[in-house]
Amino acid sequence: MSSLKETLREKIEAHRPRTQKLLKEHGHVVIDKVTIEQAIGGARDVRCLVTDISYLDPMEGIRFRGKTIPETFAALPKPPGCDYPSVEAFWYFLLTGEIPSEQAVKEVRDDFRERSRVPNYVFDTLRAMARDSHPMALLSAAILSMQRESVFVRRYNEGMRKAEYWDPMYEDSMNLLAKLPQIAAYIYRMKYKGGAIIPPEPDLDMGGNFAHMMGIPKPYDDVARMYFILHSDHESGNVSAHAVHLVASTLSDAYYAFSAGLNGLAGPLHGLANQEVLMWIQNLMKEMGGKVPSREELKKFLWDTLNGGRVIPGYGHAVLRITDPRYTAQHDFALKHMPDDPMFQLTNLIYEVAPGVLREHGKAKNPWPNVDSASGVIQWHYGVTQYDFYTVLFGVGRALGTLANITWDRGLGYPLERPKSVTTDMLEEWAAKGGRPMK
Ligand code: CMX
């Protein structure tokens, strides 16, 4: 090992106890406006972001524009014969806070259709990438490859006034959203279906068209609508939403910003957890020789995971302290459409056993399932068994919330984001003094 790396290892190991001591003994000490624990611990609960698109209450879950998930599903127009609202209606609602008329939804759908042609170079880019690239890397690269299309960049270079920034951000967001389902479906068919691409069906709504391009019959169109809506937004502090907001705050365009958010979503503590859940369940089934585990066997598997230093994927949350209503919404869908599915039944068994184990383990502040816990099981049921694709579905949905947010960010002239960092020496000095007074 090089002396650089060895020296670095020594430095990190020598530094760790200082950070741990600060957290353990002085975590409550206030420095300016936050505690030492918040400064070191990922800014939990620091109220320093503003959005009106959605709000996450720890004890209730998400509200989109003031509406809970069931209220949102009930209020928005649905395509004929479908149980879930169209993504177009939801996009209108996220952007404006208003329930659109059927005519307004049709206009959004027509607008998306006109913007939906994906440039050929995007497909060339995807095909040129290594076949074993993760689908999230493919999706992020595809988005980035389209940056040259940015209307925002063109208008900015022409000398646009600040009050107009939201307009080309809206245009970029519409252009990106219109193409996203086709790009996602292309990645799926290219990677897992031998490149047998299904062309879009322009007369369908976004959810219907996505199901069609995936090659999966009804009710997968409703699965798509439900997924994209449920995964759209979770206020602004989560990594993907925050990354998009942060990058766009430099006046970077929607392509750069959304690609950055996808890269954050691809982490196992965030969106990739839906893939991890399925891998974890598959490992469990393998260990059980294919049979459904008993409660005791499941309990042991959960403990083995925790004792192996790993997290239980799909459980816990940085803000929520209840079962995630996005989990409940997917559970309700599964109960209606696939009650006898063995994986769904196993998910229910995990729900009965895992919270008790996590409580006994004593670390996770929230022992309840999050959005990622049930989502893979539904995909699996409809034949999408390639679980490394699941986060792409999350990503398509997440575009709705993040793009609505950065359009509003530019509309309200939110500034460049630039929090302040301090050094460990400073923290230790303030800890010794019992705090740093607000200036
Ligand atoms: N299994 C085991 N340990 C867990 C846990 C879980 N499901 N959830 C939290 N913990 C542990 C944390 O790792 C942390 O341990 P350390 O003190 O050793 O670091 C401790 O409990 C406290 O964590 P917390 O305050 O309850 O949770 P955080 O805000 O730090 O992290 C989250 C939140 C989601 C990353 C975490 O619960 C987790 O890792 N869950 C599993 C992965 C997952 O499902 N992620 C998806 C979340 C939803 C999404 O964004 O898509």
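Only one residue in 320, 400, 358, 335 is touching a residue at least 24 places away in the same chain (Cβ under 8 Å), more than 11 Å from the ligand (Cβ to nearest atom) and at negative phi, so which one is that? Only one candidate qualifies: 400.
Consider residue 390 carefully, then state whether it is part of a helix (DSSP H, G or I), within 19 Å of residue 280 (Cβ to Cβ) and in contact with a helix residue (DSSP H, G or I) (Cβ under 7 Å, 6 or more places away or on another chain).
Answer is yes for this residue.
The single residue among 142, 130, 163 that is closer than 30 Å to residue 390 by Cβ, part of a helix (DSSP H, G or I) and not charged (D, E, K, R) turns out to be 142.
Among the residues making up region 286-315, those that are part of a helix (DSSP H, G or I) and either of a type in the set (Phe, Trp, Tyr) or free of Cβ contacts under 8 Å to residues at least 24 places away in the same chain (or both) are 286, 287, 296, 297, 300, 301, 303, 304, 307. The set of residues in region 354-365 that are out of contact with any strand residue (DSSP E or B) (no Cβ under 8 Å at 6 or more places or on another chain) and buried (at least 19 other Cβ atoms within 10 Å of the Cβ) contains only 357.
In this structure, does residue 270 turn out to be within 15 Å of the ligand (Cβ to nearest atom) and either among the charged types (D, E, K, R) or at negative phi (or both)?
When the stated conditions are applied, residue 270 passes them.
Checking each residue in region 22-43 for being without any contact (Cβ under 8 Å) to a residue 24 or more places away in the chain, within 28 Å of the chain's Cα centre (by Cα) and part of a loop (DSSP other than H, G, I, E, B) picks out only 41.
Values quoted throughout were computed directly from the atomic coordinates according to the rules given, and no laboratory measurement underlies them. From a predicted model like this one, the values you see are computed outputs, not experimental measurements. Positions of Cβ are backbone-derived with ideal geometry, glycine not excepted, and every protein chain shown enters the neighbour counts.
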